[in-house]
Amino acid sequence: MRRAAIGAAIAALLSSASAAFATDVTILTPYISSVPTNEMAQGFKAEGDKRGWNVTIIDTRNDFGQLASRMEDTINAKASAIVLISTDPAQVGDQVELAAKSGIPVISLDGSKNPNVAVNITSNNFDLGAQLSDALFKALGGKGNIVKFYHSAHPGVHQRELALDEALKTHPDVKVIADHFVKVPGPVDDGRIAMENILRQHGDEIDGVWAAWDDPGVGAELATESEKPDAKFIIMGIDGSQQAIDMIKACTRYKATFRQDFPTMAAVGAEQLDKILAGGKADKDEIFVPAVMITPESLGVKCP
């Protein structure tokens with residue numbers, strides 16, 4: 001009996017020690033309803049599971065006040081690390097600074113650089129915006145009227161918008177005749193509703209749709225199928241969402257998307273955090289993961 005009691009005590013002690021040294025990583029984002037954000041979150045969690053980390057995902061549904069509050073809760077709970085996804089760290093700057101002072105490393109996926117963030121893993125979003133703009137303008141023959149869907153609150157998406165602004169300066173015959181700040185959560189539905197209104201106002205004037213990411217572009221296609229099915233304009237976006245790819249395969253108005261490699265972002269983020277938790281440093285303060293253009297041709301589809 002005594003041996004059994006001693007054994008149980010040792011087991012409990014070891015379990016307690018194991019819990020004390022557990023690696024608790026918290027993912028925080030306001031955008032889990034976005035397909036790319038969710039893909040990164042789930043991908044990072046899978047990478048953490050491989051490493052034996054306890055990974056928790058917290059979504060605040062576009063509420064940045066709650067994001068700051070939940071981040072403070074995470075810091076007070078003495079998490080091992082924090083991962084911000086699709087968030088500009090400056091929007092929770094006080095909390096990011098508090099984490100740094102508390103010795104809790106913060107990394108970012110699809111965000112932006114910050115003095116208190118160890119590393120940001122992302123696409124080169126300005127370059128993506130430039131590629132999207134160039135592809136759309138080329139498809140339009142260098143002239144035409146476009147509709148712009150954007151969301152400046154997201155740091156990466158805002159960089160794409162800035163790239164469009166630069167491209168427009170060198171293409172004076174391309175005009176933005178309507179634009180819409182897309183609401184999140186629910187960007188597909190918001191894009192659809194906005195496009196329905198834009199079609200009623202501008203109708204045959206539209207030659208192209210520039211979608212800063214695929215969700216509102218998908219909404220724009222759905223609206224056009226319902227409101228103006230004979231419309232001949234072109235839609236292009238970024239992210240390579242499955243809905244957008246399906247539309248490209250089906251030879252709809254959706255003609256191209258730029259697929260960001262979100263699984264690789266998650267994997268690289270986990271690798272970098274592994275180094276940091278082991279007492280090292282990230283390779284760089286920002287690491288870019290390349291994107292790939294997806295078109296009917298790249299999918300092996302011949303559209304009429």
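The values are calculated or read from the model by the stated rules, or taken from the named source; none is laboratory data. Bear in mind the structure is a predicted one, so any value in this text is a computation, not a measurement. Ideal geometry is used to build each Cβ from the backbone, glycine not excepted, and the neighbour counts take in all protein chains shown.
Go through segment 45-82 and give me each residue that's of a type in the set (D, E, K, R) and farther than 10 Å from residue 24 by Cα. Let's see the steps before the verdict.
Taking segment 45-82 as the starting set, the residues that turn out to be of a type in the set (D, E, K, R) are 45, 47, 49-51, 59, 61, 63, 70, 72-73, 78.
Those that are of a type in the set (D, E, K, R) and farther than 10 Å from residue 24 by Cα: 45, 47, 49, 50, 51, 59, 61, 63, 70, 72, 73.
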Just one of the numbered conditions (1) in contact (Cβ under 8 Å) with a residue 12 or more places away in the chain; (2) more than 25 Å from residue 85 (Cβ to Cβ); (3) touching a strand residue (DSSP E or B) at 6+ places or on another chain (Cβ under 9 Å) is not true of residue 155; which one? (2)
Selection within segment 251-287 - closer than 26 Å to residue 235 by Cα and not in a helix (DSSP H, G or I): 251, 252, 253, 254, 255, 256, 257, 258, 259, 260, 261
Can you name the condition, by its number, that residue 213 falls short on among (1) touching a helix residue (DSSP H, G or I) at 6+ places or on another chain (Cβ under 7 Å); (2) at pLDDT 95 or above; (3) more than 16 Å from residue 128 (Cα to Cα)? (3)
Number of the exception - residue 144 against (1) of a type in the set (Gly, Ala, Ser); (2) crowded, with 24+ Cβ neighbours inside 10 Å; (3) in the same structural domain as residue 219 (by TED's automatic domain parsing): (2)
Taking segment 181-220 and keeping residues surrounded by fewer than 24 Cβ atoms within 10 Å (Cβ to Cβ), of a type in the set (Asp, Glu) and touching a strand residue (DSSP E or B) at 6+ places or on another chain (Cβ under 7 Å) leaves 205, 207
Restricting attention to segment 282-304, which residues are out of contact with any helix residue (DSSP H, G or I) (no Cβ under 7 Å at 6 or more places or on another chain) and either among the acidic types (Asp, Glu) or closer than 15 Å to residue 119 by Cα (or both)? 284, 285, 286, 288, 297
Any hit, segment 68-81, residues being surrounded by 23 or more Cβ atoms within 10 Å (Cβ to Cβ) and modelled with pLDDT under 95: no
